[in-house]
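Below is one structure. I have some questions about it.
The values are calculated or read from the model by the stated rules, or taken from the named source; none is laboratory data. None of these values were measured; they are calculated from a predicted model. Here Cβ is always computed from backbone atoms with ideal geometry, including for glycine, and neighbour counts include all displayed protein chains. These area figures cover heavy atoms from the full protein model, side chains too; ligands, DNA and RNA do not enter into them. Shrake-Rupley method; radii C 1.70, N 1.55, O 1.52, S 1.80 Å.
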Amino acid sequence: MSVEHRLSEVRSRMAKAAAECNREPESISLVAVSKTFAAEDIRPVIAAGQRIFGENRVQEAQGKWPVLQAETTGLELHLIGPLQSNKAAEAVALFDVIETVDREKIARALAEESKRQKRPLRYYIQVNTGLEPQKAGIAPDDVSAFVRLCRDDLALTVEGLMCIPPVDENPGPHFALLAKLAAENGVERLSMGMSGDFETAIGFGATSVRVGSAIFGSR
Ligand SMILES: *Cc1c(COP(=O)(O)O)cnc(C)c1O
């Protein structure tokens, strides 16, 4: 099956999941996760009309996106992987949205770089809904204070919350928790759901889903 075909399958599955919970399909965006795939694998997806992409490593993204961005205007690039503060400058220069703000140090580095480069990015706060020790993210109990720090003290545009549920658990309760935290804190958008569970995430209110292998094939 071609990548164009897989992309349209994902889009129709998203529309069906939206219809099943009486949501407008246009209110849910698709972040096509292109990590590990090369520019020549990404080009057909851009040609098929996809404009929002996600990458999980700054250095890998730097190797392929500048050329793709030069070829096509209106692309939107999301960082969905962990960020070290010594990479903040490069991340701010390349990405439009950073979905993995997960600690004060990185929030401060991003605020400083964004100001220095005069690039107002949009941000999501990553929440460790499963309190997994090896996983990045703010603990649910600390989300409220962290949203306030980012918005009020650092003037970051906190657009949404993002989570990656534990692999071995039913994701539903994690999506529900993320939605509750967003509502409590006046945060509008929810980045949740991947190839295996994006329909479930839409049922719990996802406003964007991050789908890799269902579009590009297995990594
Ligand atoms: C790789 C990745 C995805 C996409 O995963 P698939 O299962 O391939 O759809 C989504 N979110 C994050 C944070 C990822 O690292």
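Tell me which of these PHE204 doesn't satisfy, since it passes every other one: (1) touching a helix residue (DSSP H, G or I) at 6+ places or on another chain (Cβ under 6 Å); (2) of a type outside the set (Gly, Ala, Ser); (3) in contact (Cβ under 8 Å) with a residue 40 or more places away in the chain.
For PHE204, the failing item is (3).
Hey, another quick one. Just for region 163-219: of the residues that are over 15 Å from the mean Cα position of the chain (by Cα) and of a type in the set (Lys, Arg), which one is farthest from the ligand (Cβ to nearest atom)?
LYS180
Which of the helices (runs of 4 or more DSSP H) contained wholly in region 149-219 include at least 3 residues that are open to solvent by 20 Å² or more (accessible area, probe 1.4 Å) and among the hydrophobic types (A, V, I, L, M, F, W, C)? Write out each step before concluding.
On the way: elements: 172-184, 198-203, 213-216.
The qualifying helices (runs of 4 or more DSSP H) are 172-184.
Something else now. Among the residues of region 128-143, is there at least one that is on the phi > 0 side of the Ramachandran plot and either within 13 Å of the ligand (Cβ to nearest atom) or free of Cβ contacts under 8 Å to residues at least 12 places away in the same chain (or both)? Please lay out each step first, then the result.
Start the filter on region 128-143 by keeping residues that are on the phi > 0 side of the Ramachandran plot, which leaves 131, 137.
Checking the rest, the ones that are also either within 13 Å of the ligand (Cβ to nearest atom) or free of Cβ contacts under 8 Å to residues at least 12 places away in the same chain (or both) come to 131, 137.
Scanning region 128-143, I find at least one residue that is on the phi > 0 side of the Ramachandran plot and either within 13 Å of the ligand (Cβ to nearest atom) or free of Cβ contacts under 8 Å to residues at least 12 places away in the same chain (or both), so the answer is yes.
Hey, could you check region 98-108 for residues that are open to solvent by less than 60 Å² (accessible area, probe 1.4 Å) and of a type in the set (Asp, Glu) and say which is farthest from LEU149 (Cα to Cα)?
Filtering region 98-108 for residues open to solvent by less than 60 Å² (accessible area, probe 1.4 Å) gives 98-102, 106-107.
From the residues that got through so far, the ones that are of a type in the set (Asp, Glu) too are 99, 102.
On the way: GLU99: 16, ASP102: 12 Å.
Filtering first and then ranking leaves GLU99.
Would you check if VAL31 is in a helix (DSSP H, G or I), within 16 Å of the ligand (Cβ to nearest atom), surrounded by 15 or more Cβ atoms within 10 Å (Cβ to Cβ) and modelled with pLDDT of 95 or more?
Working: in a helix (DSSP H, G or I): no; within 16 Å of the ligand (Cβ to nearest atom): yes; surrounded by 15 or more Cβ atoms within 10 Å (Cβ to Cβ): yes; modelled with pLDDT of 95 or more: yes.
The answer is no for VAL31.
For region 37-73, how many residues are within 17 Å of the chain's Cα centre (by Cα) and either outside any loop (DSSP other than H, G, I, E, B) or surrounded by fewer than 17 Cβ atoms within 10 Å (Cβ to Cβ) (or both)?
Residues meeting the conditions: 10.
Give the residues of region 79-97 that are open to solvent by less than 10 Å² (accessible area, probe 1.4 Å) and either outside any helix (DSSP H, G or I) or within 16 Å of the ligand (Cβ to nearest atom) (or both), sorted by residue number.
Taking region 79-97 and keeping what is open to solvent by less than 10 Å² (accessible area, probe 1.4 Å), we get 79, 81, 83, 88, 91-92, 95, 97.
Those that are open to solvent by less than 10 Å² (accessible area, probe 1.4 Å) and either outside any helix (DSSP H, G or I) or within 16 Å of the ligand (Cβ to nearest atom) (or both): LEU79, GLY81, LEU83, ALA91, PHE95, VAL97.
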